[in-house]
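A.B. asks: Handing you this structure, nothing more for now.
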Amino acid sequence: MRRPEFLLATYVTLVAIILDGVLSLATTILTPATPSDGDFGWMMSLLLGNLCCAVVAAAWLIRAGQIARADSADHLIYSPWGRVLWFFVPIFCLFKPFQGMRELWNVAHGNAAHSDSQWVVNSWWGATLASGTLGLFFSLVNGINNPLPLALTIVLGLVGVTQSGLSLWISWAIGSRLAKGIGDRQLAQVFA
């Protein structure tokens with residue numbers, strides 16, 4: 001069973017992640033070193049870009065979960081909506097989204113849903129946690145109205161770029177495989 005509409009949704013998600021990264025980078029580079037009234041526009045554009053990317057990624061994650069649940073022979077622990085909602089639950093947001101993505105990765109790649117995760121999923125989650133933690137820490141230490149020193153901006157930028165790159169890779173790897181249909185791959189293995 002082919003799913004061209006899901007492959008299109010995967011492309012849209014990839015474009016949203018790329019645009020969000022470009023907007024974040026442009027905001028970092030173009031924001032002046034001293035805060036001014038003009039910063040509000042940059043910050044609002046960054047916030048809106050992040051929100052748009054989050055909505056697109058959440059919709060993609062829900063659809064990917066629905067497809068995985070329909071195609072998987074294994075019993076999946078995480079519901080399609082659960083994979084998204086765990087991001088908003090304090091404490092649990094530190095590990096439940098990772099477990100949901102690991103389950104999705106395993107199903108998309110024909111592994112048992114609850115088998116060990118691949119290094120790519122581990123790296124993505126590590127970079128996601130590092131990006132959020134470092135951003136929060138630097139903002140709290142330096143203050144919201146003060147620009148970050150160049151070295152901290154570079155570190156935060158590198159972690160963010162790593163996280164975005166891994167998000168692109170995971171989204172493409174899961175999306176392209178789910179779009180082909182798990183049943184088609186398993187049937188092809190039977191006749192190989």
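A.B. asks: Quick one: ranking 81, 172, 105 by accessible area, 1.4 Å probe, largest first, what do you get?
C.D. replies: 81, 172, 105
A.B. asks: Which length gain, in nm to one decimal place, applies between residue 22 and residue 7 when the Cα-Cα distance is subtracted from 0.36 nm times their residue separation?
C.D. replies: Extending this stretch completely gives an extra 3.1 nm.
A.B. asks: What accessible surface, in Å², does a 1.4 Å probe find on residue 164, ignoring ligands, DNA and RNA and rounding to the nearest 10?
C.D. replies: Accessible surface of residue 164 is approximately 30 Å².
A.B. asks: Taking only the Cα atoms of region 42-112, how large is their convex hull per residue, in Å³?
C.D. replies: 88 Å³
The values are calculated or read from the model by the stated rules, or taken from the named source; none is laboratory data. Keep in mind it's a predicted model, so treat the numbers as computed, not measured. For accessibility, only protein heavy atoms count, side chains too; no ligands or nucleic acids. Shrake-Rupley method; radii C 1.70, N 1.55, O 1.52, S 1.80 Å.
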